[in-house]
Amino acid sequence: MGTVTIGVSIAVPEPHGSLLQERRAGFGDAAAHNIPTHVTLLPPTEVGDGDLPAVEAHLTAVAAAGRPFTMRLSGTDTFRPLSPVVYVRVVEGAEACTWLQKQVRDASGPVARELQFPYHPHVTVAHGIEDAAMDRALEELADYTAEWHCTGFALHEQGADGVWRRLREFTFGGRTVVPPQAAPVDTPADHGTLPTR
């Protein structure tokens, strides 16, 4: 049995997602086009490929307990010198993200894990590039703002080429959406009638 590297995140929707991805590429971050713009709920985590159904069932339950909320981004900050990252700040929705990531990493679930750093929801716009370029990202996006209604999150898998691809979307209230390009023969049913938190 092989392993796969997965991640769980909230997508930054269009047009904001593409704009920030292009800006990230413009700062010289070579990974920009491999990673859809997002707020992480579960960082890259290796699991057995046979464990994916259990992971998806767990995420369905987490989503079923969730409720839509407002996400608002505003301004920039950095994790330097602790970590070479410049990011756009999550100024509304951070508490909901924190709750969600705890549920995803729940000790009784299939992706229980500790984090390298305390959880801090953010949108990366530069990572591991030259300091001058990091400074430029920090300055040029200092006035950036975006707001949207967050209705769920997604499971991604990292391919051998380093590109992250969406496997499933999980909508709050329990509805699971399979992207058309990855749809299996039988799509999971709508679990919107499950008890919700």
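Nearest 10 degrees is fine. How inclined is helix 94-104 to the longest principal axis of the chain, computing both from alpha carbons?
Taking the Cα atoms of the chain, the angle to 94-104 is about 40 degrees.
Say a paramagnetic label sat at a point 7 Å from the Cα of Leu19, along Cα to Cβ; which residues of the stretch 121-144 have their backbone N under 17 Å from it?
Those under the cut-off are 123-126, 137-144.
With semi-axes √(5λ) of the Cα gyration tensor in Å as the read-out, I listed [x] 36, 21, 16; [y] 28, 19, 16; [z] 25, 22, 15; which label goes with the value calculated from this structure?
Checking each listed value against the structure points to [y].
I'd like the orientation of helix 131-140 relative to the chain: the angle between its Cα long axis and the longest Cα principal axis, in ° from 0 to 90, rounded to 10.
Tilt of helix 131-140: around 80 degrees.
Residue separation times 0.36 nm, minus the C-alpha to C-alpha distance between Val91 and Glu130: what's the value?
Gain in length upon complete extension: 11.4 nm.
In debye, nearest 20: dipole of the chain around its Cα centre with unit charges on the Cβ of K, R (+) and D, E (-)? List each step's numbers first, then the result.
Details: 15 positive and 24 negative charges, 94 e Å.
The dipole of the chain has a size of about 460 debye.
Pick out, from Trp148, Val163, Thr40, the residue whose Cα sits farthest towards the positive end of the charge dipole of the stretch 3-182, with +1 on the Cβ of Lys and Arg and -1 on the Cβ of Asp and Glu.
Projecting each Cα onto the dipole axis, the largest value belongs to Trp148.
If you line up the long axis of helix 16-26 against the longest principal axis of the chain, both from Cα atoms, how many degrees apart are they, to the nearest 10?
Once rounded, one gets 50 degrees.
Please find, in a Gaussian network model of the chain (springs between Cα atoms separated by less than 10 Å), the residue of Leu73, Leu138, Leu82 whose mean-square fluctuation is greatest.
Leu82
Could you give the size of the charge dipole of the stretch 8-80 about its Cα centre, using +1 on the Cβ of each K and R and -1 on the Cβ of each D and E, expressed in debye and rounded to the nearest 20?
Working: 5 positive and 8 negative charges, 84 e Å.
About 400 debye.
Every read-out reported here was derived from the displayed coordinates using simple, explicitly stated rules and does not represent laboratory data. The shown structure was predicted, so the numbers you read here are calculated from the model rather than taken from an experiment. Backbone-built Cβ (ideal geometry, glycine too); neighbour counts: all protein chains shown.
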